[in-house]
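Just below is one structure, and these are the notes that go with it.
The values are calculated or read from the model by the stated rules, or taken from the named source; none is laboratory data. Note that the structure is a prediction, hence the values are computed from the model and not measured. With ideal geometry, Cβ positions are generated from the backbone for all residues, glycine too; neighbour counts draw on all protein chains shown.
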Amino acid sequence: MNNLFLNTEILPYCKGCGHDLIAKNTTKALGKLNYEPLDIIVVTDIGCHGIIDKALNTHTVHGLHGRSAALASGISFGTDNPDKKIIVFIGDGGATIGLQHIMEASRLNVNMTLVVHNNYLYGMTGGQTSGLTPVGFHTTTSHEGNQFSGYDICALARTAGAPYVSRITGIGDISDQLAVAFSNKGFSLVEILEICPSYGVKLNPKRKLQEIAASSGKPLGEWTQHREPFEKHQGKKTDDLLGEVREIKKVFQSYLKTTVSLVISGSAGEGVQLAAGLISKACVSSGLCVTQKGSYPVTVGVGFSTSEINISTQPIDFHGINVPDMAIITSEDGLAHNRKRIESMTNGKLMIDSSLEVPKTGADVIQHDFRTVGARNAAIFAVFFFALKTGIISSEAILKVIEEEGKTDKLPLPKIKEALAKVK
Ligand code: SF4
């Protein structure tokens, strides 16, 4: 195969799907413009169009339904290289779910080309009506033909300020039209009309794409207006988001030879995330790899607060935990949030506040009064307890993190030390 941008000629669509033509013409247009695969960032989201990612040799980013324009805007603002070409693939369903993102990208003139795959319905989920379905078109949720006229996405983008907009039918070679859109500096939108063979053709027999396009009242064509692209937010404080992250050097040793997954959980407002951060940073300063993922209700300050920490001697590629090897539970909220996975533990360690009922578990249970240092510091105390009971990190490593982060005077360290001295 001689297409630089695709790693297969057989794309993952139903036979006759217009998405195949769009993908192949996109790569043909990029070839005509002399792009290399890694000059291209393709952003997709949910919908049949989005399963193209794995067939592409370009950079690819896949997001939530309707969010690809928003994701691409972030990528566009974040990239240092304006020569990278950002192409967004979105379906007609996604385009209406994420309509405001498209309006904003048009209004701000963010550097990207958005290719709307408009086959007039939600193909992936069973042929339902979308916001771009034209009046009279039959879908699985409009048996008698859609009652409403779909949005004119081109007119909306134009009105919002998009400097280049076109509407074309997905028939034949459309690579030249795509190349024109891709050459635009700033925001461009191409709406490509097609019919989904699996639903649109079956539900609208005898209708042809050109006739549907003509009767929709939305003209084919190309619209331009000159505007300078918007590349950076003026309010952006730094070009390097990681520049402010403190480098943690390896100073301590750890005996750990394998991977350990740890859940620490308690009540919101009781320092659980701070405690998890201390464990994680102390692990890094002990030469270990760590992932940390916090979770708590939207109403911050109420209910549970949980953090999942993976610790390993090797790089870790996944940050979640199903059933942990170890769990630290400091309050009723933390227990309620983790009861099921604690009950699923067949071995490992459960360190739990002695005021709590111990669930049925296969883990070794260590009960201790973490709340003796006050509810707000129970999780911090539990971090030192964890160090003492597991040896994965040392108290010195935790104290060093506290010192480097300027928290020595903010935490009741003498009280914690006193409580630790009583631990058997
Ligand atoms: S369901 Fe429709 S849109 Fe999806 S791949 Fe099949 S033909 Fe294409």
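Descriptive notes on the structure:
- Answer from 403, 343 - the residue that is without any contact (Cβ under 8 Å) to a residue 12 or more places away in the chain, in the same structural domain as residue 262 (by TED's automatic domain parsing) and assigned to a helix (DSSP H, G or I): 403
- Pairs with Cβ under 8 Å, 6+ apart, first in the range 1-27 and among the basic types (Lys, Arg), second part of a helix (DSSP H, G or I) and near the ligand (Cβ under 9 Å from one of its atoms): 15/197
- Selected residue [surrounded by 14 or more Cβ atoms within 10 Å (Cβ to Cβ) and either modelled with pLDDT under 95 or more than 37 Å from the chain's Cα centre (by Cα) (or both)] from 416, 392, 402, 398: 416
- Among the residues here, residue 68 qualifies as within 19 Å of residue 131 (Cα to Cα), surrounded by 21 or more Cβ atoms within 10 Å (Cβ to Cβ) and polar (S, T, N, Q).
- Some residue of the range 103-112 being surrounded by fewer than 24 Cβ atoms within 10 Å (Cβ to Cβ) and either within 20 Å of residue 176 (Cα to Cα) or touching a His at 6+ places or on another chain (Cβ under 8 Å) (or both): no
- Here residue 15 meets the list (1) crowded, with 19+ Cβ neighbours inside 10 Å; (2) out of contact with any Leu (no Cβ under 8 Å at 6 or more places or on another chain) almost entirely, failing just condition (1).
- Selection status of residue 383, in a helix (DSSP H, G or I) and either within 21 Å of residue 263 (Cβ to Cβ) or modelled with pLDDT of 95 or more (or both): yes
- Test set (1) outside any strand (DSSP E or B); (2) modelled with pLDDT under 95; (3) surrounded by fewer than 23 Cβ atoms within 10 Å (Cβ to Cβ); (4) out of contact with any Gly (no Cβ under 6 Å at 6 or more places or on another chain) - residue 297 fails condition number: (4)
- Filtered residue count, the range 132-143, keeping only those that are more than 16 Å from the ligand (Cβ to nearest atom), surrounded by fewer than 19 Cβ atoms within 10 Å (Cβ to Cβ) and either basic (Lys, Arg) or at pLDDT 95 or above (or both): 2
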